[in-house]
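All remarks here apply to the structure that follows.
Since every read-out is calculated from the coordinates, none of them should be taken as a lab result. A quick note: this is a predicted structure, and the numbers were derived from the prediction, not measured. We place every Cβ from the backbone using ideal geometry, glycine too, and count neighbours over all the protein chains shown.
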Amino acid sequence: MEKQDLRGMAAIITGGSTEIAGAVAFALAQEGVQVCLCGRQADAIQLAASKIKASGGICLTIVSALDTLEAAESVQEQASAAFGRLDILILISPFWAGGQIHNHSLKTWDLVLNANLREPFLMARATLPVFREQKHGEIMAIGSDSALGIYQQDGAYGVAMHALTTLIELIRTENAEFGIRTHILSPGVTLTLDTDSEGKPALTVSHVVDWVIWLLSRPAHLRGNGPILV
C-alpha cells in the first residue's frame, strides 16, 4: 500500500513549547514538511526551530497564547502566507494539572480547560474553513490516556481530555465529506529513557512521534483514526 507523500506539505503544531511538539516538528521536517511551531514560551520554540533549521528543514515560529479567535486566525494566516499552503494541524496538550472536584482550584480549572480544550477549538475553528475550501486536510490531537478512563484527582485535565476527544470526533463527523481526516493519539506518561525504574520498556516521545508519522502517511483515501492508546 502506497504511503501518502508528506513532502512539500505545511503543518501548524500547537503546544510548541513542549518536548513532544519539538520532536514531532523535527520528524515532520525530516519528511519534507514545512512546520509552524506555535506556543507560549519563545525560548523553547526557538530552540526547537534551530534544530530543525540546522538539519535543513523549514520552520516558522509564532509566540501566542491562542486565547482568542483572532489570535488563532492570525497563526493560520501567517502560516498559510509563509508556506503558500496549509495541510496539517496538530494540537498538542501543553500541560497537566488537576485536583479533586470538591476542592479544585478555580484558577487551575480555567487554565487547564483553556489550554487543553479552548485552544484546540479556536485553532480548529480558524483552520477548518481553509481545509473545507481546499477539500483536504489533517487534524490530529495528541492528548492523554486520561481521555480513556476516569482517574481520581485528574480534575480539569481529565474533563478536558474527554471533551477534546469529543471535539475531534465531532470535527470528523462534520467534515469527512470535505476530505478532512482526524486522528487522536492518547499516550500515557512518556519518559526520556527507554526503560522505567524497574527496567521495563517505557513509552518515549520517539514512540509517539512514530505514530504521528505513520498516521499522517497513510493513504489519503483511508479514514481517520482514534482515539489510539499509545
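Determine the relative contact order of the chain: mean sequence separation of Cα pairs under 8 Å and six or more apart, normalised by residue count, in whole percent.
So the answer I get is 20 percent.
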For this session: Let me know the shape class of the stretch 10-229, please: from the alpha-carbon gyration tensor, a ≥ b ≥ c as square roots of the eigenvalues, rounded when a/c is under 1.5, otherwise prolate if a/b is greater than b/c, or oblate.
Result: rounded
For this session: Evaluate E = 1/(1 + (r/R0)^6) for Ile58 and Ile150, where r is the Cβ-Cβ distance and R0 equals 41 Å; express this FRET efficiency to the nearest 0.05.
Result: 0.45
Problem set entry | GluC sites (Glu not before Pro) within the stretch 1-68, DSSP loop, no more than 10 other Cβ atoms inside 10 Å | Glu2
Problem set entry | Total formal charge among the other residues, if their Cβ is under 11 angstrom from that of Ala11, Lys/Arg +1 and Asp/Glu -1 | -2
Exercise. How about the stretch 1-108: which chymotrypsin sites (Phe, Trp or Tyr not before Pro) there are in a DSSP loop, with at most 15 other Cβ atoms within 10 Å of their Cβ?
Worked result: Phe95
Problem set entry | Low-density loop positions, trypsin sites (Lys or Arg not before Pro), the stretch 11-103 - DSSP coil, at most 13 other Cβ in 10 Å | Arg85
Problem set entry | Charge sum, other residues only, whose C-beta stays under 14 Å from Arg132's C-beta, Lys/Arg counted +1 and Asp/Glu -1 | -1
Seminar exercise, completed: When the charge dipole of the chain is computed with +1 at the Cβ of Lys and Arg and -1 at the Cβ of Asp and Glu, the Cα pointing farthest to the positive end, of Ala156, Ala176, Trp109, is that of Ala176
Exercise. Arg40: net charge of surrounding residues, Cβ under 15 Å, Lys/Arg +1, Asp/Glu -1, itself excluded?
Worked result: -3
Exercise. Between Gln4 and Asp67, what FRET efficiency comes out of the Förster formula 1/(1 + (r/R0)^6) with R0 = 41 Å and r the beta carbon distance, rounded to 0.05?
Worked result: 0.80
For this session: Calculate, in nm to one decimal, what Ala42 and Arg132 gain on full extension: separation in residues at 0.36 nm each, minus their alpha carbon distance.
Result: 29.3 nm
Exercise. In debye to the nearest 20, how big a dipole does the chain give about its Cα centre with +1 on each Lys and Arg Cβ and -1 on each Asp and Glu Cβ?
Worked result: 300 debye
Exercise. How far apart, in nm, are two points set 7 Å out from the Cα along the Cα-to-Cβ line at Thr166 and at Thr108?
Worked result: 2.2 nm
